[in-house]
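The values are calculated or read from the model by the stated rules, or taken from the named source; none is laboratory data. Model, not experiment: these values are computed from the prediction. Counting neighbours? That spans all protein chains shown, and the Cβs are built from the backbone with ideal geometry, glycine included. Side chains included, ligands, DNA and RNA excluded: accessible areas come from the protein's heavy atoms. Shrake-Rupley method; radii C 1.70, N 1.55, O 1.52, S 1.80 Å.
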Amino acid sequence: GTCAPPRCNAAARRSSVRRVKHVERAWPADVVEARRRSIMQQHVADEAPWAMVWFAGIIVVFDALAYLSGTAASLPYYVSDVAQGIGWVAGAFAIWRGLVPPSGAPWVFVSAVVLSSSMISYQFWLYPETNAIGVVLIMLTAFGAITLLRGPFVVAAALSTASATIAIVAVDPELLQSWGLGALTALLVSTALMWARRRSARRMSQRAWATS
């Protein structure tokens with residue numbers, strides 16, 4: 001007999017999962033985990049350079065808008081932006097050109113995240129009236145979707161949050177409560193995005209096992 005397309009698709013998926021599990025059981029657990037990790041690292045190596053170039057471009061656009069609107073800041077502010085831009089572009093180039101292996105791509109990406117969040121926190125210390133801390137929150141929300149690996153994610157989240165917290169304490173400790181709530185929310189969203197992307201990478205790994 002025949003079955004409706006949704007039911008056939010579900011049956012095909014279950015059959016594929018069973019086949020993958022059978023194949024994976026034929027290999028040592030550490031080999032299976034290493035292959036999954038390798039696929040996630042390759043995801044980061046493929047996607048991080050484009051995200052890093054976008055971040056660098058956003059910095060240039062914001063600085064240009066500030067200058068054109070007559071709200072240009074002091075030299076240290078722009079020096080910190082130049083440092084961010086160099087970090088993003090240099091990291092993107094190193095990953096894109098293969099100067100670092102895929103296993104190092106997540107660490108290069110989160111290094112740029114930490115550098116940028118630290119510089120933005122410094123800008124907030126220079127100009128508390130700006131929305132610099134809001135930019136840090138956006139970054140904390142977004143970077144998990146690119147990072148994928150738990151180790152680099154935890155390190156970058158801790159260092160970025162710490163640098164912003166230090167700046168807030170120096171400027172106005174009364175902002176700590178709202179900052180803490182905002183940072184927690186941003187990191188929870190970032191963790192959820194990372195988890196969803198990891199599931200996608202895991203499924204790709206399973207399909208690779210099934211066809212190998």
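I'd like to check something: does the stretch 168-179 contain any residue that is open to solvent by less than 60 Å² (accessible area, probe 1.4 Å) and either touching a Cys at 6+ places or on another chain (Cβ under 9 Å) or without any contact (Cβ under 8 Å) to a residue 40 or more places away in the chain (or both)?
no
Name the one entry in 115, 137 that is touching a residue at least 40 places away in the same chain (Cβ under 8 Å), part of a helix (DSSP H, G or I) and open to solvent by 40 Å² or more (accessible area, probe 1.4 Å).
Of the residues listed, the single one that is touching a residue at least 40 places away in the same chain (Cβ under 8 Å), part of a helix (DSSP H, G or I) and open to solvent by 40 Å² or more (accessible area, probe 1.4 Å) is 137.
Residue-wise test of (1) among the polar types (S, T, N, Q); (2) within 24 Å of residue 150 (Cα to Cα); (3) at pLDDT 80 or above.
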| residue | (1), (2), (3) |
| --- | --- |
| 6 | no, no, no |
| 18 | no, no, no |
| 25 | no, no, no |
| 29 | no, yes, no |
| 33 | no, yes, no |
| 43 | no, yes, yes |
| 53 | no, yes, yes |
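Being modelled with pLDDT under 90 and either more than 19 Å from the chain's Cα centre (by Cα) or surrounded by fewer than 19 Cβ atoms within 10 Å (Cβ to Cβ) (or both) is the filter here, so list the residues in the stretch 125-134 that pass it.
First, pick out the residues of the stretch 125-134 that are modelled with pLDDT under 90: 126-134.
If the condition is that a residue be modelled with pLDDT under 90 and either more than 19 Å from the chain's Cα centre (by Cα) or surrounded by fewer than 19 Cβ atoms within 10 Å (Cβ to Cβ) (or both), then 126, 127, 128, 129, 130, 131, 134 are the ones that fit.
Out of the residues in the stretch 68-89 meeting the condition of being surrounded by 15 or more Cβ atoms within 10 Å (Cβ to Cβ) and closer than 11 Å to residue 56 by Cβ, tell me which one is modelled with the lowest pLDDT.
This residue is 81.
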